1. Go through the stretch 93-128 and report how many residues are at pLDDT below 95, assigned to a loop (DSSP other than H, G, I, E, B) and farther than 12 Å from residue 33 by Cβ.
2. Within the stretch 142-164, work out how many residues are hydroxyl-bearing (Ser, Thr, Tyr) and free of Cβ contacts under 8 Å to residues at least 24 places away in the same chain.
3. In the stretch 31-43, what count of residues is obtained for those that are of a type in the set (A, V, I, L, M) and within 13 Å of residue 9 (Cβ to Cβ)?
4. Mind checking whether some residue in the stretch 71-78 is in a loop (DSSP other than H, G, I, E, B), touching a helix residue (DSSP H, G or I) at 6+ places or on another chain (Cβ under 9 Å) and at pLDDT 55 or above?
5. Restricting the stretch 12-36 to residues that are over 14 Å from the mean Cα position of the chain (by Cα) and without any contact (Cβ under 8 Å) to a residue 40 or more places away in the chain, which is nearest to residue 127 (Cα to Cα)?
6. For the stretch 142-201, name all the residues that are buried (at least 16 other Cβ atoms within 10 Å of the Cβ), within 20 Å of the chain's Cα centre (by Cα) and in a loop (DSSP other than H, G, I, E, B).
7. When you check residue 12 against the structure, is it within 27 Å of residue 170 (Cβ to Cβ) and either of a type in the set (Lys, Arg) or at pLDDT below 95 (or both), yes or no?
8. Take the stretch 7-47 and flag every residue that is of a type in the set (Val, Ile, Thr) and over 24 Å from residue 85 (Cβ atoms).
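The values are calculated or read from the model by the stated rules, or taken from the named source; none is laboratory data. Here the structure is a predicted model, which is why all the values come from computation and not from measurement. Positions of Cβ are generated from backbone atoms using ideal geometry, with glycine treated the same way; all protein chains shown enter the neighbour counts.
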Amino acid sequence: MKKNLVITLERQFGSGGLAIGKLVAQKLGIPCYHKEILEKAAEKCNIPEEYLESAQENVSQSFLYQLSMASKTGKSVDNFISKSAVLYQETTKIITEMAEHGSCVIIGKCADFILKDLENCFHVFIYATMENRMKRVIEEYGVNSSSAEYIINKNDKRRETFYNGNTNHTWGIKEHYNMCLNSGKFGIEKCADMIIDAIDYI
């Protein structure tokens, strides 16, 4: 493995992307960062953990747009930046620091966009059919079968809103990734192995 390789992994809810990312990190012997990114960002921004979900869902304008407006009007950045944008700003700093520190796997949090110009960075998107995702959330998360699809769509929407609102890019578009894998077809172990095999070519 190349020195200081960063693998970013975006995923549909219920696709097993988190399990795949953790397995890749385990096989490579490198850290995997996930929840702790937002937790650290929220702590630095004084946003209570119970408000993290709403902060991710309520993205009205991208962080870049808000910075631009502040610059054009000559007003303080604080007048334009929402809690969600502040959270994203801090998340960007944390992810950048993690990538600079050494090889790692970073799950979600717009990492593929934040690190788009970083050398030795490999971007992955994990997806699966709704049928496969429903089966996973029912079996692994104990979700009731009648609410499984609703929960999947709700979580996908939150990820999409946070990503699109902060990056001005569209979440899940294949052109943004080096590899897109159907976890329902290949399974967790095979997906992890395919990612590891693919990084030899970057």
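1. Residues that pass the stated criteria total 6.
2. The number of residues fulfilling the criteria is 4.
3. Qualifying residue count for the region: 1.
4. No.
5. So, considering only residues that are over 14 Å from the mean Cα position of the chain (by Cα) and without any contact (Cβ under 8 Å) to a residue 40 or more places away in the chain, the one nearest to residue 127 (Cα to Cα) is 26.
6. 169, 171, 172, 177, 178
7. no
8. Those that are of a type in the set (Val, Ile, Thr) and over 24 Å from residue 85 (Cβ atoms): 7, 20, 24, 30.
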